[in-house]
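See below for the structure under consideration.
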Amino acid sequence: MDILLFGIQGSGKGTQGKKLKDHYGMTYFETGGELRRLASEDSELGHKIKNIIEAGHLVDNDVVMEIVENFLNNAPEGKGIFFDGIPRKMDQKESLDALLNKHGREYKGVILDLSEEDALDRLTKRRICSGCKEVYPAKYDKDSCEKCGGELITRTDDNAESIKVRLKAFSDETMPAIEKYEEEGKLLHVDGSKNIEEVDQELRQVLDPILG
Ligand code: AMP
């Protein structure tokens, strides 16, 4: 069984997804991380993606779906996958559903519910490690990463203008795709406003019956 992790930016999907992947021994696929890796390459495609990400817009579907297809073609056999960051809009949902069906994969979605106000607050205050990319919330007050010692920086797309664009894209484009999974009976909900440990516990309660 694969799991599509949903949540407004800042809802903690990356943090929780990585914990869950270890707990359930699953594979993890983060679209944003893959795109940021491509964006760091000194190529025409890399520069194009970098500009799109920094402006807070969505990367073209064909680029995103090609990355997903490559990943699925090389995914380890017999292991479930956590998908973080996809689909982001209705046509992507349709492409992803078709691709997962083609590969004979079963899946469900889980959303970390969080208000736009709380998301905005978390995004403007979070920092990431410039080395290992670990994400740190506002309350972490040191300047270096506790995992690798790297310097903590603000993500280049966590600027006021890009945040505004990304939150609007979430409500206008991503929410309709998520609601479609709800209509199809494929969506589970978890309260994303609680602290990291509480959200982790709640996620396990919801996921244990299908993954445990
Ligand atoms: P994230 O780390 O999930 O917040 O993604 C960072 C950025 O990567 C987004 O603001 C988009 O520019 C791009 N991105 C991530 N996932 C997708 C996707 N599924 N479709 C299009 N663009 C994406």
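Below, the figures for the structure above:
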quantity: Point-to-point label distance, Tyr28-Glu117, nm (Cα→Cβ direction, 7 Å offset); calculated: 3.1
quantity: For segment 127-205 and segment 102-126, distance of Cα centres in Å; calculated: 7
quantity: Per-residue [θ]222 nm for the chain (sum of -39500 (n - 2.57) over DSSP H runs n ≥ 4, rounded to 500); calculated: -15000 deg cm²/dmol
quantity: Where GluC sites (Glu not before Pro) fall in DSSP loop in segment 37-102, at most 10 other Cβ within 10 Å; calculated: Glu77
quantity: Net charge of Cβ neighbours under 14 Å - reference Gln201; Lys, Arg +1; Asp, Glu -1; calculated: -3
quantity: Unit charges on C-beta of K, R, D, E only; dipole of the chain, Debye; calculated: 400
quantity: Residue pairs, from the table Lys50/Lys102; Lys18/Lys89; Lys133/Lys194, whose Cα atoms sit over 26 Å apart; calculated: Lys50/Lys102
quantity: Positive dipole terminus of the chain, leading residue within Phe83, Val64, Tyr28 (C-beta point charges); calculated: Tyr28
quantity: Difference of contour (0.36 nm per residue) and Cα-Cα distance, Glu182 to Glu69; calculated: 38.2 nm
quantity: Chymotrypsin sites (Phe, Trp or Tyr not before Pro) within segment 68-100, DSSP loop, no more than 16 other Cβ atoms inside 10 Å; calculated: none
quantity: Segment 44-95: mean projected area of Cα convex hull, nm²; calculated: 4.4
quantity: Ranking of Met90, Met26 by count of other Cβ atoms within 10 Å, fewest first; calculated: Met90, Met26
quantity: Potential lengthening between Asp42 and Glu198 on full extension [0.36 nm per residue; Cα-Cα distance subtracted]; calculated: 52.1 nm
quantity: Square roots of 5 times each gyration tensor eigenvalue, C-alpha, segment 1-53, largest first, Å; calculated: 26, 13, 8
quantity: Prolate/oblate/rounded call for the chain, Cα gyration tensor, a/c under 1.5 rounded; calculated: rounded
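Where a number appears in this text, it was derived from the coordinates with a stated rule and is not lab data. It should be emphasised that the depicted structure is a prediction, and the values quoted were computed from it without experimental measurement. In this analysis, Cβ positions are derived from the backbone assuming ideal geometry, glycine residues included, and neighbour counts consider all displayed protein chains.
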